[in-house]
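The values are calculated or read from the model by the stated rules, or taken from the named source; none is laboratory data. Computed from a predicted structure; not experimentally measured. Cβ sites come from the backbone with ideal geometry, for glycine too, and all protein chains shown count toward neighbours.
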Amino acid sequence: MQLPFLPYNDWTETRITLHLILQIIGKVRLAASPRKNHWWGITQYVSSKGFSTHSIPLSDGLNTFEITFNIHKKAVQFDSSTGETIELKLKDGYSVAAFYKDTMTILHNWGLNPQFIHRPLDMGIDKNFDQITEYHHYDWQSIHTFWQMMLWNDGVFKTFSGRSYSKTCPVHIYWHHMDLTVTRFSGKPAPPMNPNARILEKDAYSHEVISFGFWAGDDNMTEPAYYSYTYPSPDGLDQEKLWPRQSFWIEANGSPMAILKYADVEASSNPTQMVLDFLESSYIAGAKLAGWDIEALTVPALAEL
């Protein structure tokens, strides 16, 4: 199987444009949706069309709407349960600022006035969305390739997700880093965080977790890669063996993080098994040292029931 591959530096302007648009869409869902534990109510999902919010309540409570970054139509699509569909075509020159203003107009006409911080999160851009005119790039071949990478990994992560009885989040996209993630919980509270920590972290890490993800890369890891970390991080985690052999530990925010580069997976004769091995070995490493009941949380084969 030949997996799609997209080097990190080959689509910088398009990648940032896409990221900003997904942040705007994600912030709309954040503002308009009921709260769900650990920020599960703000995420986006890989779909057969592209990237979707799934249903968001309309203000009357009787209807919903959904926002889809539609790869096939090269547009962002707004669908209401009333039957109305509006498309914003994404063409080179159509800026993030213009998209933001058009999105707010559509929502206003639907009776919504979502309140959120109108500035990108953790992107190093110190402007409100309506001022971001420098990003207006749509290399659709790159966007399509990135979506295919996320689509394939979505399926692998769902396979891994089904192997545990622990509380586990949906496989979803956190738009602040544009990473595909799945997280398992032990059920035990984590130690209280510093009172000055961001509310983002306080809710995300209120309980013990082992988290897994795939992302396009960043300025520190300038290529697509998989990661896993355990919180709180137990002593000696980075001494645990990972599989496959191409996996390794790095330090991230003062704690060990397991890494597997997508390029190694793309070159593998069995990429699905390679990713599953990485996810499973990094889970076992963290769960063992953190004292999780691994055997009790493992889903047996149907024949063993």
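Scanning the stretch 93-126 for residues that are out of contact with any His (no Cβ under 7 Å at 6 or more places or on another chain) and of a type in the set (Gly, Ala, Ser), we see that the one that is nearest to Leu20 (Cα to Cα) is Ala97.
Of all the listed residues (Ala263, Ala258, Ala287), the sole one being surrounded by fewer than 16 Cβ atoms within 10 Å (Cβ to Cβ) and not acidic (Asp, Glu) is Ala263. Condition (residue is in contact with a Lys or Arg (Cβ under 8 Å, 6 or more places away or on another chain) and either assigned by TED's automatic domain parsing to the domain that holds Met178 or surrounded by 13 or more Cβ atoms within 10 Å (Cβ to Cβ) (or both)) applied to the stretch 236-246: is it met by at least one residue? Scanning the stretch 236-246, I find at least one residue that is in contact with a Lys or Arg (Cβ under 8 Å, 6 or more places away or on another chain) and either assigned by TED's automatic domain parsing to the domain that holds Met178 or surrounded by 13 or more Cβ atoms within 10 Å (Cβ to Cβ) (or both), so the answer is yes. In the condition set (1) surrounded by fewer than 16 Cβ atoms within 10 Å (Cβ to Cβ); (2) over 19 Å from Thr53 (Cβ atoms); (3) of a type in the set (Asp, Glu), Asp139 is compliant with all but (1). List the number of the failed condition for His108; all other conditions in (1) buried (at least 17 other Cβ atoms within 10 Å of the Cβ); (2) over 24 Å from the mean Cα position of the chain (by Cα) hold. The one condition His108 does not meet is (1).
The condition (being among the polar types (S, T, N, Q), closer than 24 Å to Ala225 by Cα and surrounded by 16 or more Cβ atoms within 10 Å (Cβ to Cβ)) is satisfied by just one residue among Ser95, Ser47, Ser33: Ser47.
Yes/no matrix, rows are residues, columns are (1) more than 22 Å from Leu30 (Cα to Cα); (2) among the β-branched types (Val, Ile, Thr):
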site: Ile132; (1), (2): no, yes
site: Ile173; (1), (2): no, yes
site: Leu200; (1), (2): no, no
site: Gly217; (1), (2): yes, no
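Screening Asn194 with (1) surrounded by fewer than 20 Cβ atoms within 10 Å (Cβ to Cβ); (2) touching a residue at least 12 places away in the same chain (Cβ under 8 Å); (3) not charged (D, E, K, R) gives one miss only, at (2).
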